[in-house]
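Everything below concerns the one structure shown next.
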Amino acid sequence: QYFVRGIMADSKYAVVTLSSQGNPLNLKQYILVNNNNFWEVVVDGLEREINQPLAVNKKLPDFNLDMLPLFQIAANRNNLKADYSDVHKVMIYEGLIQDVAQIQYQCGTTKYCYIVLYSGEKFLATKKGDTWNVKSVSSSRQAFRIMQDEGAEALAFILWEE
């Protein structure tokens, strides 16, 4: 089972970003081609490419490069957050959760974390200095706008497209 992190498609190609539900840091990106309404993977391992436009253009010259995500996972791999205990402590202290078992999804970097509870509540945690600030958001789109306003739209890969 996977979390869909983003899809962009035209009539011929689609770019898909996924992660396994067991490990949201296990990010994968694929390009699929539509052959008679059957989608096939034509590029895998896109998440490992530092220069995605060049790599895709070599393999698929007719691909619309505007469909590539703003973010490049390979460029941000070292900033991915594996330990969320500091964010969990803030959420528990502020009464947003009672226990980490309430969390269905979490993914983040050293500066931003996106959290979805099983109840459907969503949060964006932002680190300012040494302090995490956790804010309720209505959707991944709102979280994206907040990050975009702070100049961090390239970190959109942490979001889960519910």
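The values are calculated or read from the model by the stated rules, or taken from the named source; none is laboratory data. A quick note: this is a predicted structure, and the numbers were derived from the prediction, not measured. Heads up, the Cβs are rebuilt from the backbone with ideal geometry, glycines too, and the neighbour counts pull from every protein chain shown. Side chains are part of the model used for accessible areas, which takes the heavy atoms of the whole protein and leaves out ligands, DNA and RNA. Shrake-Rupley method; radii C 1.70, N 1.55, O 1.52, S 1.80 Å.
Whenever you get a sec, compute what percent of the accessible area on the chain sits on carbon and sulfur atoms (1.4 Å probe).
Looking at the chain in its full context, I get 47 percent from C and S.
Among residues other than Thr110 whose Cβ falls under 10 Å from its Cβ, what is the net charge (Lys/Arg +1, Asp/Glu -1)?
Surrounding charge for Thr110 is +3.
Taking amide H atoms as placed 1.01 Å from N in the peptide plane, list the residues 5 or more away in sequence, or in a different chain, whose amide H sits under 5 Å from that of Cys107.
Under 5 Å from the amide H of Cys107 lie the amide H atoms of Tyr114, each far enough along the sequence or on another chain.
If you build a Gaussian network model of the chain, linking Cα atoms that sit under 10 Å apart, which residue out of Val137, Val100, Val116 swings the most?
Judging by the Gaussian network model, the answer is Val100.
What whole-number value in Å² describes the accessible area per residue of segment 1-137 for a 1.4 Å probe?
56 Å²
Amide H of Val42 versus every other amide H placed in the peptide plane: which residues, excluding those fewer than 5 positions away on the same chain, fall under 5 Å?
It is Ile31, Leu32, Val33, by chain and number.
What full-extension length gain, to one decimal in nm, is calculated for Tyr2 and Ala55 as 0.36 nm per residue of separation minus the Cα-Cα distance?
Gain in length upon complete extension: 16.6 nm.
Pick out, in residue order, every one of the trypsin sites (Lys or Arg not before Pro) in segment 1-57 that is DSSP loop and has at most 16 other C-beta atoms within 10 Å; say none if there are none.
Of the trypsin sites (Lys or Arg not before Pro), the ones in loops of segment 1-57 whose Cβ has at most 16 other Cβ atoms within 10 Å are Lys12.
Rounded to the nearest 0.05, what FRET efficiency do Asp10 and Gln102 have when you use their Cβ-Cβ distance and R0 = 41 Å?
Efficiency computed from Cβ-Cβ geometry: 0.60.
Mind checking the angle between helix 140-149 and the chain's longest principal axis? C-alpha axes, 0 to 90 degrees, to the nearest 10.
Between helix and principal axis, roughly 90 degrees.
Rg (Å, one decimal) plus Dmax (Å, integer) for the alpha carbons of the chain?
16.7, 53
Work out from phi, with θ = phi - 60° and the Karplus expression 6.51 cos²θ - 1.76 cosθ + 1.60, the ³J(HN,Hα) of each residue of segment 37-43, listed in order in whole Hz, and give x for Gly and Pro.
The phi angles translate into 6, 10, 8, 10, 6, 10, 9 Hz.
With respect to the cross-link table entries Lys28/Lys89; Lys58/Lys81; Lys28/Lys127; Lys89/Lys135, which display a Cα-Cα separation exceeding 22 Å?
Result: Lys28/Lys89; Lys58/Lys81; Lys28/Lys127 exceed 22 Å.
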